[in-house]
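Student: Shown below is the structure under consideration.
The values are calculated or read from the model by the stated rules, or taken from the named source; none is laboratory data. Quantities reported herein were computed from a predicted structural model and do not represent experimental measurements. Cβ coordinates were reconstructed from backbone atoms using ideal geometry, including for glycine residues, and neighbour counts include every protein chain displayed. Areas reflect the complete protein model, heavy atoms only, side chains present, ligands, DNA and RNA absent. Shrake-Rupley method; radii C 1.70, N 1.55, O 1.52, S 1.80 Å.
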Amino acid sequence: MSVTQDVVILGAGVMGLSVARRLAAAGARVTVLDPVEPGGQGSRAAAGVAIPSVRLLDDPDMLAFTRAAHGALAEELASLNDGPSLRRGQGVLRVAMDAKGRDALGQKAVNHPEWLGTWMDAARVVELEPALEGTPILGAFVTEQGFMVDTEAYLNALLHDLHRRGVKVRLGEGARSVAEVDGGVEVRTEQETHRAGRLVVCAGAWSGGIAGLPPLPVKPLRGQMLTIFHPEVRLTRVVSGPTYLAPWRTGEIVVGATEEDAGFACHVTPTGLMHLGATVAKLAPRLREARFGRAWAGLRSVTPGGKPLIGRYPGTKAVLIASGHAGQGILTSALTGRAVAELLEHGRSEIAAAFEPERVLQSGQDGSVPTKTP
């Protein structure tokens, strides 16, 4: 049996679902395919930190992209939120252990001081977040920008919205092969063949290895996380250092996340847990006796150049890709959906101009993947 649609999307994480939502809103007939549950080992495993990394201050393209993405995500969450809030917490503390660390952060943001926020000494920081009492820090830069996303609720809200819009989300149905044919693309699965005018690859870390498409250097980057609970200690902001502490569901605190070049091995390791435990002990001594909740791992998608790929899939005519967003995937999903919709409708998008795949891959042709191993 052959199913004809305007667009087929590979991947039911927040990226693929946000793209599908934007396309469906424009009137397109859309089918989303995913071999596992929505979000799988990517979006559903993410902690949901919707705060641009300080590391992006060195990259004007990513800085502009994530700044615009912050507002787009807030708008999308508000439009989806007809029940419990999809957001947790508000703001971030970027801690500095000493004067050298404070000055390094200040120098990094010398052209964007508003990015860091206001400097507060340790006493004021503890007033804001009592969980940090006893922490041997000099202080922190404090801003109210940024929040945490409940990724589980976000995915479920997107799925509900897509169902309402008539989008077909086919779970347990992955692409066995893809071929460009007259008038578009053909996607073969175990169940049937889907024909569409265009294909959008949003398969996360698996995006570069789709059978029938030219291989791309999109790789997985493992992140391990854990949760803890203390009946007398809460967080209202993200506490950001080399790793982070952040408010989680039902009063828990999430600790994350490692950055490991471990291939597709998506499991928790003793080394990763020790690294995260050391973060708790150092940043929040009051939490050293907190109750352990659970630990898990997820896979981010990264490219050699460190930028996402948004645009025409190299070597094809009717295939687009939206992948490689690394740790900024949740933050940038809504804006990426808008960019893909513009590309399909107009053939161009100012949002995606800096992330045209061939351009990104040329700039990162050394093949290295940015990692930080615990």
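Student: When you go through Ala284, Ala278 one by one, which is the residue that is among the small types (Gly, Ala, Ser) and open to solvent by less than 50 Å² (accessible area, probe 1.4 Å)?
Tutor: Working: Ala278 fails: open to solvent by less than 50 Å² (accessible area, probe 1.4 Å).
Going through Ala284, Ala278 in turn, just one is among the small types (Gly, Ala, Ser) and open to solvent by less than 50 Å² (accessible area, probe 1.4 Å): Ala284.
Student: Can you find, within region 297-324, the residue that is nearest to Glu358 (Cα to Cα) among those that are assigned to a strand (DSSP E or B) and open to solvent by 30 Å² or more (accessible area, probe 1.4 Å)?
Tutor: Kept after step one, since they are assigned to a strand (DSSP E or B), are these residues of region 297-324: 297-302, 309-312, 319-323.
Among the residues that remain, those that are also open to solvent by 30 Å² or more (accessible area, probe 1.4 Å) are: 300, 312.
Numbers: Arg300: 21, Arg312: 8 Å.
Of everything passing the filter in region 297-324, Arg312 is nearest to Glu358 (Cα to Cα).
Student: Among the listed residues Leu162, Leu105, Leu116, Leu80, identify the single one that is open to solvent by less than 60 Å² (accessible area, probe 1.4 Å) and touching a Ser or Thr at 6+ places or on another chain (Cβ under 9 Å). Reasoning before the result, please.
Tutor: On the way: Leu162 fails: touching a Ser or Thr at 6+ places or on another chain (Cβ under 9 Å); Leu105 fails: touching a Ser or Thr at 6+ places or on another chain (Cβ under 9 Å); Leu80 fails: touching a Ser or Thr at 6+ places or on another chain (Cβ under 9 Å).
The conditions single out Leu116.
Student: If you take the residues of region 250-272 that are in contact (Cβ under 8 Å) with a residue 24 or more places away in the chain and open to solvent by 60 Å² or more (accessible area, probe 1.4 Å), which of them is farthest from the chain's Cα centre (by Cα)? Please lay out each step first, then the result.
Tutor: Taking region 250-272 and keeping what is in contact (Cβ under 8 Å) with a residue 24 or more places away in the chain, we get 252-269, 271-272.
Next, only the ones that are open to solvent by 60 Å² or more (accessible area, probe 1.4 Å) stay: 261, 264, 267, 271.
On the way: Asp261: 17, Phe264: 17, His267: 19, Thr271: 23 Å.
Only one residue fits best here, namely Thr271.
Student: Would you confirm whether or not region 147-154 contains a residue that is aliphatic (A, V, I, L, M), touching a residue at least 40 places away in the same chain (Cβ under 8 Å) and open to solvent by 20 Å² or more (accessible area, probe 1.4 Å)? Let's see the steps before the verdict.
Tutor: Within region 147-154, the subset aliphatic (A, V, I, L, M) is 148-149, 153.
Narrowing the set further to residues that are touching a residue at least 40 places away in the same chain (Cβ under 8 Å) leaves 148-149, 153.
Checking which are open to solvent by 20 Å² or more (accessible area, probe 1.4 Å) leaves us with 153.
Within region 147-154 (the criterion being aliphatic (A, V, I, L, M), touching a residue at least 40 places away in the same chain (Cβ under 8 Å) and open to solvent by 20 Å² or more (accessible area, probe 1.4 Å)), the answer is yes, since at least one residue qualifies.
Student: For region 189-213: of the residues being buried (at least 16 other Cβ atoms within 10 Å of the Cβ) and of a type in the set (S, T, N, Q), which is nearest to Ala341 (Cα to Cα)?
Tutor: Taking the candidates together, the pick is Ser207.
Student: Strands (runs of 3 or more DSSP E) wholly in region 178-239 with at least 3 residues that are more than 30 Å from Gly263 (Cβ to Cβ) - which ones? Give the derivation first.
Tutor: Details: elements: 184-188, 193-201, 219-229.
Here the list reads 193-201.
Student: Okay, moving on. Say whether the condition of being in contact (Cβ under 8 Å) with a residue 40 or more places away in the chain and more than 19 Å from the chain's Cα centre (by Cα) is met by at least one residue in region 37-55. Steps first, please.
Tutor: The initial filter retains those residues of region 37-55 that are in contact (Cβ under 8 Å) with a residue 40 or more places away in the chain, namely 37-54.
Now narrow it down to the ones that are more than 19 Å from the chain's Cα centre (by Cα): none.
Checking region 37-55: not a single residue is in contact (Cβ under 8 Å) with a residue 40 or more places away in the chain and more than 19 Å from the chain's Cα centre (by Cα).
Student: Filter region 336-363 for residues that are touching a helix residue (DSSP H, G or I) at 6+ places or on another chain (Cβ under 7 Å) and closer than 21 Å to Leu299 by Cα; which is modelled with the highest pLDDT?
Tutor: Checking each candidate, the answer is Thr336.
Student: Residues that are over 21 Å from Gly209 (Cβ atoms) and part of a helix (DSSP H, G or I): does region 31-49 have at least one?
Tutor: no
Student: All but one of (1) touching an Asp or Glu at 6+ places or on another chain (Cβ under 9 Å); (2) more than 30 Å from Arg188 (Cβ to Cβ); (3) outside any strand (DSSP E or B) hold for Glu76; which doesn't?
Tutor: The failed condition is (1).
Student: Ok, one more. Between a residue in region 277-295 that is farther than 10 Å from Leu226 by Cβ and any residue that is open to solvent by 20 Å² or more (accessible area, probe 1.4 Å) and assigned to a helix (DSSP H, G or I), which pairs come within a Cβ distance under 8 Å, given they are 6 or more apart or on different chains?
Tutor: Short answer, once both residue conditions are applied: Arg286/Pro130; Arg288/Ala281.
Student: OK, next. If Val238 satisfies all but one of (1) crowded, with 16+ Cβ neighbours inside 10 Å; (2) free of Cβ contacts under 8 Å to residues at least 12 places away in the same chain, what's the number of the condition it fails?
Tutor: (2)
Student: If you don't mind, there's one more thing I want to ask. Within region 133-146, restricting attention to residues that are in contact with a strand residue (DSSP E or B) (Cβ under 7 Å, 6 or more places away or on another chain) and modelled with pLDDT of 90 or more, which residue is surrounded by the fewest Cβ atoms within 10 Å (Cβ to Cβ)?
Tutor: Looking at residues that are in contact with a strand residue (DSSP E or B) (Cβ under 7 Å, 6 or more places away or on another chain) and modelled with pLDDT of 90 or more, I get Leu138.
Student: Tell me which residues, restricted to region 255-273, are of a type in the set (A, V, I, L, M) and either more than 23 Å from Glu127 (Cβ to Cβ) or in contact with an Asp or Glu (Cβ under 6 Å, 6 or more places away or on another chain) (or both). Before the answer, list the steps.
Tutor: Just the residues of region 255-273 that are of a type in the set (A, V, I, L, M), to begin with: 255, 257, 262, 265, 268, 273.
Once the filter is applied, which keeps residues that are of a type in the set (A, V, I, L, M) and either more than 23 Å from Glu127 (Cβ to Cβ) or in contact with an Asp or Glu (Cβ under 6 Å, 6 or more places away or on another chain) (or both), region 255-273 yields Ala257, Ala262, Ala265, Val268, Leu273.
Student: With respect to Pro214, determine if the residue is more than 19 Å from the chain's Cα centre (by Cα) and free of Cβ contacts under 8 Å to residues at least 12 places away in the same chain.
Tutor: Numbers: more than 19 Å from the chain's Cα centre (by Cα): yes; free of Cβ contacts under 8 Å to residues at least 12 places away in the same chain: no.
Criteria not met by Pro214.
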